[in-house]
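These notes are about the structure you will find just below.
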Amino acid sequence: MADTVLPVPRVIRVSDLTRYLRYLVEHDELLTQLSVAGEVTDFSRSPSGHCYFSLKDGQSQISCVLFRREAASQRVHETLRSGLSVVVHGFLTVYEPRGSCQIYVQRVVPQGEGLAARQLARLRERLEQEGLFAPERKRQLPRFPRRIALVTAPGSQAYHDVLHRIAAQYPFVRVIEAGVRVQGDGAADEMAMAIDIVNRLTDCDVILLVRGGGAPEELAAFNEERLARAVFASRIPVVAGIGHETDRSLVDEVADVRAATPSLAAAAAVPDARGIVEQIGQLHAQSSQALDQRLRLEKRRLLSLHQALVRASPENRLHLQRRRTESATATLQAGMRNILVARRMRSETARLRLESLNPLAILGRGYAVLTDGETGAVIKSVERTQPGQSLVARVADGQFKVKVSQH
């Protein structure tokens, strides 16, 4: 039996293939005039004014682009958003650089909210009425947690962001990893089970439930009722860090703390060690300053008390009284001396004055005092004498008798 020789297929480049696919699609009569109904998801608007989104139903989705001119002419760019049910008119093409199909939208007809958006809104309203979102039921996080449970996809960017942030900010906490799927069918069940296991079998202080950003479909698990109720029932406080700032799921509403990103969720769950060290340094400086000030005040107070005690002591008072007595005695003695000197000077003056007035004082200069020999009267004049009269002459060193012979 002869071997069958198969034809060798022609080898073409990828760009040739995508160009050929685009040719086939754009020349297909059905695909050049399309009207497709679906729900808008993953809507975004570029700075240039072009709008990009996907249309989805219960099973599939396809990319769409609405260029700036068509969007401006219909003004639908003002109302177009994720969750809106629409009918788009346009044609299908292949975007060659990626080899993907997309609808070039020429007209958009809004149909109202889509089924998924309506169902999520009803669920959100029911959970809010039951009190799952109530701010007063949300708990404070422990200031210094010892163990943290990390519920996320192992090895994901969110996983590494959280571990890096914790290691940089507060490396003293122990992280218990609970690996789960965070998107797709069954992801919500896995995360709810992980939260329940952490509550039952660990003594963690905080649960971090995190996931990086993504399309609304990729974050759909965080809008499922079972996961929201598992977060609500957790006895351990839950910090949610899901997607980006603009993403807000049911789990974000129920969690005790909601962070914009996984990294910020980690930052909210643990204290900042560097900040604590700085705070301790400030407190130490303030306490040292207060202690120094208190010591100075107490030293001044003790010195004042010591001085008062010294002044009030009997020994000091006696010493002070003794000094006062000695001072008074010295003053008195000085006064007495002054008085005695003054009186002595006055006495001497009087004595000198008396001596100057003593008639006998002139006897020393050669004079004599004559007195009557019988009466002792002083003879002051010749007329008081008579011849033959007996007189007594008193001189400096004695007296003698004389007799008057003649006038």
Handout entry: Selection from 59, 157, 319, by position along the positive dipole direction of the chain (Cβ)
Key = 319
Handout entry: DSSP bridge pairs, the chain: antiparallel proportion in percent, nearest 5
Key = 65 percent
Handout entry: residue 100 versus residue 19: modelled label distance in nm, points set 7 Å from Cα along the beta carbon direction
Key = 2.3 nm
Fill in the blank from the handout: Of every hundred units of 1.4 Å-probe accessible area on the chain, the number belonging to carbon and sulfur atoms, as a percent, is 55 percent
Practice task
Would you list, by chain and number, the lysines whose Cα falls below 17 Å from the Cα of residue 380, excluding same-chain residues fewer than 8 positions away?
Solution key: 401, 403
Handout entry: Contour excess over end-to-end distance, with Cα ends at residue 399 and residue 147 and 0.36 nm allotted per residue
Key = 76.6 nm
Problem - Segment residue 308-residue 67, extension gain: residue separation times 0.36 nm, minus the distance between their alpha carbons - result: 77.3 nm
Completion exercise
Expressed per residue, the solvent accessible area of region 101-259 in Å² (1.4 Å probe) is about 50 Å²
Handout entry: Residue-span extension gain [residue 167 to residue 351] - 0.36 nm each, minus C-alpha spacing
Key = 54.6 nm
Problem - Choice from 111, 321, 102 with maximal GNM fluctuation in the chain (Cα, 10 Å cutoff) - result: 321
Fill in the blank from the handout: Note to self, the chain gives a 222 nm [θ] from helices alone (DSSP H runs n ≥ 4, -39500 (n - 2.57) apiece, / all residues, nearest 500) of -14000 deg cm²/dmol
Handout entry: Net charge contributed by nearby residues that have their C-beta within less than 13 Å of residue 89 (K/R +1, D/E -1)
Key = 0
Handout entry: Using a Förster distance of 22 Å, the FRET efficiency for residue 122-residue 183 (Cβ separation, nearest 0.05)
Key = 0.45
Practice task
Please build a GNM for the chain, connecting alpha carbons under 10 Å apart, and tell me which residue among 300, 384, 346 fluctuates the most.
Solution key: 384
Fill in the blank from the handout: Toy charge model, Lys and Arg Cβ at +1, Asp and Glu Cβ at -1: region 261-407 dipole around Cα centroid in debye, rounded to 20, equals 380 debye
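The values are calculated or read from the model by the stated rules, or taken from the named source; none is laboratory data. Just so it is clear, the model here is predicted, and its values are computed rather than measured. Because the Cβ atoms are built from the backbone with ideal geometry, glycine has one as well, and the counts that use them run over all protein chains shown. Accessible surface areas use protein heavy atoms only, side chains included; no ligands, DNA or RNA. Shrake-Rupley method; radii C 1.70, N 1.55, O 1.52, S 1.80 Å.
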